[in-house]
1. Label-point separation (nm) for residue A:296 and residue A:15, each offset 7 Å from Cα along Cα-to-Cβ?
2. Please compute the Kirkwood hydrodynamic radius of segment A:187-310 from all pairs of different C-alpha atoms, in Å with one decimal.
3. Let me check against my output: what whole-number percent is the relative contact order of segment A:116-252, with C-alpha pairs under 8 Å and at least 6 apart?
4. Let's test this: bin the Cα-Cα distances of segment A:293-332 at 10 Å from zero up to the farthest pair and state each bin's percent.
5. Calculate, axis by axis, the spread of Cα positions in segment A:25-178 along the three principal axes, and write the results as whole Å, longest axis first.
6. Using the structure shown, select from A:112/A:255; A:10/A:83; A:289/A:313; A:286/A:313; A:112/A:328 the pairs with a Cα to Cα distance greater than 20 angstrom.
7. Using only the Cα atoms of segment A:121-183, construct the convex hull and provide its projected area averaged over every direction, in square nanometres to one decimal.
8. Sort A:144, A:200 so that the residue with the fewest other Cβ atoms within 10 Å of its own Cβ comes first and the one with the most comes last.
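None of the figures in this text is laboratory data; all of them are computed from the coordinates on show. Keep in mind that this is a model prediction, so the values were computed, not measured. FYI the Cβ positions are ideal-geometry reconstructions off the backbone, even for glycines, and counts take in every protein chain you see.
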Amino acid sequence: MAVRATEWQKLPVTLTELCINTTLRCGQSFRWRKSADDEWSCALHGRILSFRQDALYLHYRAIYPPSTLHTPPHDDDTPTLVKHYFNLEPDLCKLYSQWAASDANFKKRAPKFAGVRILRQDPWEALIGFICSSNNNISRISQMVHNLCLHYGPLIGHIGNEAYHDFPTPEALAGPGVEQHLQKLGFGYRAKYIYKTAVMVADSRGLAWLDELCNPESPVFGQEPKPGGPLIEGGREGYRKAHQELLALHGVGPKVADCVCLMGLGWSESVPVDTHVWQIAQRDYKFGKGKHSSLTPATYTAVANHFRKLWGKEAGWAHSVLFTADLKAFSERLVAKTEIKTEEVSVKAEPDGSGVVESTTKTATATKKRVKRDVGDDEHQVVEVKEKIVKRSKRRKA
DNA sequence: GACAGCCCTGGCGA
DNA sequence: ATCGCCAGGGCTG
């Protein structure tokens with residue numbers, strides 16, 4: 001039987017309400033892959049979901065494996081899943097203007113990073129993904145999560161030659177020999193964390209335990225919403241309970257627990273404070289002195305509380321915008337103007353072969369340094385142009 | 001509360 | 001060119 005792909009559908013969403021090109025790459029989820037130009041795909045809930053976006057619409061389609069019992073599109077729940085996964089309920093533009101009104105730093109940094117929306121991921125996937133994230137970088141985390149799916153997740157289908165596997169169940173990761181295998185796959189000390197956490201969830205706590213830690217206002221896919229309680233300084237009671245319970249799992253500390261709370265359990269006031277956010281707190285919010293000179297557990301709470309007070313109930317959403325604005329993978333947006341200038345100058349300078357202006361050389365070098373660490377994606381062209389400029393100017397010097 | 005130690009990778013300066 | 005060092009979305013004992 002042939003692959004069963006539903007027709008492309010569309011949902012009216014502006015780029016300021018959701019920008020998938022930013023949101024899917026900013027370290028929330030580690031599984032999205034480019035399946036074509038401007039097309040992102042991932043296996044979710046037993047189907048491959050693909051997305052494209054233009055100024056007015058989010059376009060999507062689902063590809064089902066031949067063995068699926070129901071017959072899409074008749075009982076296709078994909079539209080509901082899409083709205084749920086992208087968390088489309090909150091009015092992001094309104095939130096951005098609220099955060100900008102209460103925080104000058106947000107106002108300054110956010111404009112180039114519109115449409116950063118907190119995803120509503122599966123709690124179990126978020127938990128394992130963020131256990132992988134400790135002391136790690138996004139490209140390696142993505143590689144590790146991909147390996148988990150490849151070896152332990154069900155195959156859903158293909159796009160071209162690329163196989164798409166869904167995320168493995170707790171049972172699959174709690175099997176015999178998993179820890180040793182993950183160790184061999186280069187997971188390092190996280191191999192043990194993943195295995196032990198999987199055993200705990202599969203054998204004693206159960207997935208229902210994890211799902212019940214969700215914000216009742218925004219439960220797991222398929223459940224009805226209920227009120228979530230009032231916001232207090234340290235976050236709502238349900239958030240604090242979820243955070244505390246997650247800490248009992250192996251490989252889960254305060255930061256990982258907050259990531260799961262925010263991106264898996266729907267607790268919008270959760271503010272994960274990693275080294276990155278800590279640097280932002282020191283640079284832009286006067287932390288790093290006196291009592292809070294280093295990121296101790298007490299400082300962690302103080303920083304998170306400060307942001308909750310400043311940004312309110314969706315503090316974690318605002319935090320994610322500033323976090324994204326500081327990611328190296330997006331740093332080209334901050335030097336875009338310089339980049340265009342550099343190109344113009346170098347083109348003009350090329351024919352006569354005379355020396356390059358001192359300031360141009362400097363600019364080109366600085367730009368190259370900032371972008372060089374980017375991992376394979378659509379920024380390659382830009383990088384190449386810059387490296388050429390640098391080489392030319394070097395040759396002339398020599 | 002402070003502090004090593006932990007797995008592994010890639011970039012950078014010497 | 002090659003090596004040592006260190007940071008990269010931390011956690012455990």
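1. 4.6
2. Details: mean 1/r = 0.0639 Å⁻¹.
Mean inverse Cα-Cα distance, inverted, gives 15.6 Å.
3. Details: 130 pairs, mean separation 26.8, N = 137.
Relative contact order for segment A:116-252 comes out at 20 percent.
4. 29, 40, 30, 2
5. 52, 42, 27
6. Values: A:112/A:255 26 Å; A:10/A:83 11 Å; A:289/A:313 27 Å; A:286/A:313 22 Å; A:112/A:328 14 Å.
Pairs exceeding the cut-off: A:112/A:255; A:289/A:313; A:286/A:313.
7. On the way: hull surface 19.4 nm².
With every direction weighted equally, the projected area is 4.8 nm².
8. On the way: A:144 24, A:200 17.
In increasing order of surrounding Cβ atoms, one gets A:200, A:144.
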